[in-house]
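K.L.:
Structure incoming, see below.
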Amino acid sequence: MCGIVGYIGSRNAESILINGLTKLEYRGYDSAGIAVYNDGNIQLKKAVGRLSQLEELLEQSPLSGSLAIGHTRWATHGKPSDSNSHPHMDEKGEFVVVHNGIIENFQEIKNELIEKGAEFASETDTEVIAYLLADMYDGDLVSTVQKAVARMEGAYALGIIYKHEPDKMIAVRLASPLIVGIGEKENFIASDIPALIEHTRDIYILNDGEMAVITSDNIQLTTTTGKPIQRDSFHVEWDVETAEKDGFEHFMLKEIYEQPKAYRDTLLNRIDHDVNKIDLSNEISLSQEQIRSIDKIHIVACGTAYHAGLVGKVALENLARIPVEVDVASEYRYRNPIHTPNTLVVVISQSGETADTLAAMKESQKNGVKVLAITNVKGSSVARDADEVLLTLAGPEIAVASTKAYTSQLIAIYLLGLYFAQIRETKNNQEITQYIQAIKELPAQAEKLLEFAPIIKEFSERYAHYEDLFFIGRSMDYAVSLEGSLKLKEISYIHSEAYPAGELKHGTLALITDGIPVIALATQEDIYDKMVSNIKEVKAREAYVLGITLDGNTDLFHSVDEVITIPRTLALLTPALAVIPLQLLAYYAALARGNDVDKPRNLAKSVTVE
Ligand code: F6R
């Protein structure tokens, strides 16, 4: 949802900004632009399309200067075009702004400024901010920004520079992520850590309602009403290579292959091997009494994280015997859910910045409910504001299509379910030991499964020319089907639907005709026979069926056209393996169709707007 970056110091800013924007392109790639201050002037270069378009422009006419802000855009207000690209300026070209978020009352402010004679050059809400700053200027940039921000409603991470005060850059945050990088006689701002890590590992994370006044040798943090803030800096531990492609053609493929490591890292230090128990007591402060008294869990998330939540429902209900509801965050926040004093809300978010998930969390907290967050980003808004945090340790996920974050979320949910089961005594020691053994085997089993990638690639190439495809499954397999279908849609653009297999004959079977591809998951032993019957029903309508089942289920070979088998594990854990072939199917189908796998059309990695 747009990436912003800024630099103040003594080096030439252009290449620092372009490198930073390259690392942020996953946040949006409709257009890009930079503004550089030099010798009393601010010059702008913007280009619609990928960042490479802007780079071409800059190669022809470079910009030099050591104060600059830049932006890569995911369009909200106004179509992708040169004029709608950021940075935006006021009419005199003095105030320059980059923005991630949405100013909800921009039209009202715009109308007021138009009445005063302003003429706008774009359709964006961001341009209104630059005009508002010019209109409200009181002789001091900092106090002007404070006053302007007080008029703005919505969500924003802002980078601002002003022609007549070129010794500073301003960063402001409300509900959109923004960090300040601390350098040696130079400082930075960015939407996310990868943009800065080659320059600094020490950062300040801005909270909502905070701003930073940044010069080349000083960073002053205050609230947007001017109250000083003392904050420790945050040291980033992971290295640049973790956020690079490491020889893989795409981030998505690299991240699919990183799953065994992500499983191991997420399990690390959470299993007490001496007693065969899960120990989350260092991370989760809920007392045993509180855990015993939880009477329902609401899992709230978006997209892929929501799909992890659907698996989570089955896992938590079975392990800890607590009733679980799962909601899409954008629905939950407006549905006035019923909370009991002992409800636990579990939010799941890779980025920890998804606007709807954050809002759902805050709504729940307003009701006095405790929120436990499963997130991949330490220091993210969700991680900071939740009452309890269970981190997935998948490392940075760059590809827009989420893979290793999803499976690490599953691992975190299993750990949580087992931890609760121990305390609530809903599983005995022997059962817990069995689960722990099986979880420990998952990384090696995932590695084994990844060896079949070349075969899955062949399957995908056969499927790639279809325009419609169905996934079917029951129970956990249905939840995994939903994720497989989303992966396929988002990167290959093949229309696909996931159905609970038993539900097909209540309508959708009408769409199954000669040659329609159906991917059928049959990994749940207790309902295997039912699933085979459903497969026969689609086969009888001439569907072309790819079955996904457990090693050894050779009888399925007679009922389907092609089969992929996955290693055997406990039923509740199979999603962590079954999803891997589906991720690879989507990846190779997208590749076969010549799509930009890491940057699918219309999407962005973190959805920081509602
Ligand atoms: C799909 C995908 C999205 C995200 C969703 C939530 O591959 O990545 O559906 O899962 O936008 O994002 P987070 O987990 O960051 O809250």
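The values are calculated or read from the model by the stated rules, or taken from the named source; none is laboratory data. Keep in mind that this is a model prediction, so the values were computed, not measured. All Cβ positions, even for glycine, are placed from backbone atoms using ideal geometry, and neighbour counts span all protein chains on display. Surface accessibility is based on the protein's heavy atoms, side chains included, excluding ligands, DNA and RNA. Shrake-Rupley method; radii C 1.70, N 1.55, O 1.52, S 1.80 Å.
K.L.:
Over all Cα pairs of the range 244-427, how is the pair count split among 5 Å bins, expressed in % and running from 0 up to the last occupied bin?
P.N.:
1, 9, 17, 22, 21, 15, 8, 4, 2, 0, 0
K.L.:
Count the net charge of all other residues whose Cβ sits under 13 Å from the Cβ of residue 313, scoring Lys and Arg as +1 and Asp and Glu as -1.
P.N.:
Every neighbour counted, the sum reads -1.
K.L.:
Hey, if you put +1 on the Cβ of every Lys and Arg and -1 on every Asp and Glu Cβ in the range 244-427, which of 420, 373, 322 ends up farthest toward the positive end of that dipole?
P.N.:
Of the candidates, 322 comes out farthest on the positive side.
K.L.:
Taking the mean number of other Cβ atoms within 10 Å as a proxy for protection, how do you rank 524-537, 411-424, 113-126, 150-163 from highest to lowest? Don't skip to the answer; put the middle values down first.
P.N.:
On the way: 524-537: 17.6, 411-424: 24.4, 113-126: 15.7, 150-163: 21.4.
Top of the packing list down: 411-424, 150-163, 524-537, 113-126.
K.L.:
Also, I was wondering about something else. Given H placed 1.01 Å from N in the peptide plane, which residues other than close sequence neighbours of residue 543 have an amide H under 5 Å from its amide H?
P.N.:
515
K.L.:
Could you state the accessible area per residue of the chain in Å², with a 1.4 Å probe and every protein chain left in place?
P.N.:
Here the per-residue accessible area is 38 Å².
K.L.:
Still on this structure, I have one more. Taking +1 at the Cβ of each Lys and Arg and -1 at the Cβ of each Asp and Glu, which of 531, 408, 565 sits farthest along the dipole of the chain towards its positive end, judged by Cα position relative to the Cα centre?
P.N.:
531
K.L.:
Another question about this same structure. Among all the lysines, which ones have a C-alpha under 21 Å from residue 505's C-alpha, if same-chain residues fewer than 8 places away are not counted?
P.N.:
530, 536, 539
K.L.:
So, counting K/R as plus one and D/E as minus one, what does the shell of residues with Cβ under 9 Å around residue 36 add up to?
P.N.:
Charge balance in the 9 Å sphere: 0.
K.L.:
Shape call for the range 173-305 from the C-alpha gyration tensor, a ≥ b ≥ c root eigenvalues: rounded (a/c under 1.5), prolate (a/b greater than b/c) or oblate? The partial results should precede the final answer.
P.N.:
Details: a/c = 2.13, a/b = 1.35, b/c = 1.58.
Judged from the Cα gyration tensor, the range 173-305 comes out oblate (a/c at least 1.5, b/c at or above a/b).
K.L.:
May I pose another question? Would you please calculate the Kirkwood hydrodynamic radius of the range 364-458 over all C-alpha pairs and express it in Å, rounded to one decimal?
P.N.:
Over the range 364-458, the inverse of the mean reciprocal pair distance is 15.8 Å.
K.L.:
Please compute, for the alpha-carbon atoms of the range 179-245, the extent along each of the three principal axes and give them in descending order in Å.
P.N.:
42, 25, 17 Å, listed from the longest principal axis down.
K.L.:
Let me ask you something else. For the range 469-475, just list the computed ³J(HN,Hα) in residue order, Karplus coefficients 6.51, -1.76 and 1.60, θ = phi - 60°, integers in Hz, with x standing in for Gly and Pro.
P.N.:
Here the 3J(HN,Hα) series is 8, 10, 10, 10, x, 10, 6 Hz.
K.L.:
Per DSSP helix of 4 or more residues, -39500 (n - 2.57); summed, then divided by the residues of the chain. What does that give at 222 nm, rounded to the nearest 500?
P.N.:
-11000 deg cm²/dmol, from helical runs alone.
K.L.:
Continuing with the same structure: How do the peptides 562-569, 549-556, 228-235 rank, highest first, by the average count of neighbouring beta carbon atoms within 10 Å per residue? Can you show the working numbers first?
P.N.:
On the way: 562-569: 19.4, 549-556: 16.0, 228-235: 11.0.
In decreasing order of mean packing, 562-569, 549-556, 228-235 become 562-569, 549-556, 228-235.
K.L.:
Return the inverse of the average 1/r over all pairs of distinct C-alpha atoms in the range 3-242, which is the Kirkwood hydrodynamic radius, in Å to one decimal.
P.N.:
Every distinct Cα pair counted, the radius reaches 17.4 Å.
K.L.:
Same structure, new question: Starting from the alpha-carbon convex hull of the chain, give the projected area averaged over all orientations, in nm².
P.N.:
On the way: hull surface 112.3 nm².
Average of the hull's projected areas for the chain equals 28.1 nm².
K.L.:
Could I ask something else about it? Rounded to the nearest 20 Debye, what is the dipole magnitude of the range 109-203 about its Cα centre when Lys and Arg each give +1 and Asp and Glu each give -1 at the C-beta?
P.N.:
Charge dipole of the range 109-203: 180 debye, to the nearest 20.
K.L.:
For a quick check: with amide H placed at 1.01 Å from N, whose amide H comes under 5 Å from residue 278's, ignoring anything fewer than 5 positions away on the same chain?
P.N.:
The answer is 272.
K.L.:
Calculated FRET efficiency, residue 283 and residue 511, Cβ-Cβ r, R0 51 Å, to nearest 0.05?
P.N.:
Values: r = 46 Å, r/R0 = 0.90.
The value I calculate is 0.65.
K.L.:
Also, quick follow-up: With angles folded into 0 to 90 degrees, how steeply does helix 476-492 sit against the dominant principal axis of the chain? Use alpha carbons for both and round to 10.
P.N.:
Value to nearest ten degrees: 40.
K.L.:
A further question follows. Suppose every Lys and Arg Cβ carries +1 and every Asp and Glu Cβ carries -1, with no other charges. What dipole size does the range 3-242 come out with about its Cα centre, to the nearest 20 debye?
P.N.:
Dipole about the Cα centre, nearest 20: 80 debye.
K.L.:
Follow-up question, since we're still on this one. At each listed q (0.12, 0.16, 0.22, 0.24 Å⁻¹), what is the log10 of I(q)/I(0) that the Debye formula gives for the range 482-580 modelled as equal alpha-carbon point scatterers?
P.N.:
Calculated log10 I(q)/I(0) at the listed q: -0.38, -0.68, -1.28, -1.45.
K.L.:
If you place +1 on the Cβ of every Lys and Arg, -1 on the Cβ of every Asp and Glu, and leave all else neutral, what size is the dipole of the chain about its Cα centre, to the nearest 20 Debye?
P.N.:
The calculation lands at about 900 debye.
K.L.:
How much of the DSSP beta bridge set in the chain is antiparallel, as a percent to the nearest 5?
P.N.:
Percentage antiparallel, nearest 5: 60.
K.L.:
How about residue 110: which lysines have a C-alpha closer than 19 Å to its C-alpha, ignoring those fewer than 8 places off in the same chain?
P.N.:
79, 92, 147
K.L.:
Oh, and also: Of all the Cα-Cα pairs you can form in the range 1-83, what percent are over 16 Å apart?
P.N.:
Roughly 45 percent, once rounded to a whole number.
K.L.:
Using only the alpha-carbon atoms, how far is helix 355-366 inclined from the longest principal axis of the chain? Give it as 0 to 90 degrees, nearest 10.
P.N.:
Tilt of helix 355-366: around 80 degrees.
K.L.:
What is the spread of the Cα atoms of the range 253-336 along each of their three principal axes, largest first, in whole Å?
P.N.:
Here the spans come out as 44, 43, 22 Å, largest first.
K.L.:
Pairing the Cα long axis of helix 51-60 with the longest principal axis of the chain, what angle in degrees results, from 0 to 90 and rounded to the nearest 10?
P.N.:
Helix 51-60 sits at roughly 30 degrees to that axis.
K.L.:
Here is a follow-up. Of the accessible area of the chain, with the probe set at 1.4 angstrom, what percent is carbon plus sulfur?
P.N.:
C and S fraction of accessible area: 47 percent.
K.L.:
Ranked highest first by the average count of other Cβ atoms within 10 Å around their residues, in what order do 503-514, 7-18 fall?
P.N.:
Going by the mean number of other Cβ atoms within 10 Å, highest first, we get 7-18, 503-514.
K.L.:
For residue 489, go through the lysines and keep the ones whose alpha-carbon is under 22 Å away, minus same-chain ones fewer than eight residues off.
P.N.:
Those lysines meeting the cut-off are 254, 404, 457, 599, 605.
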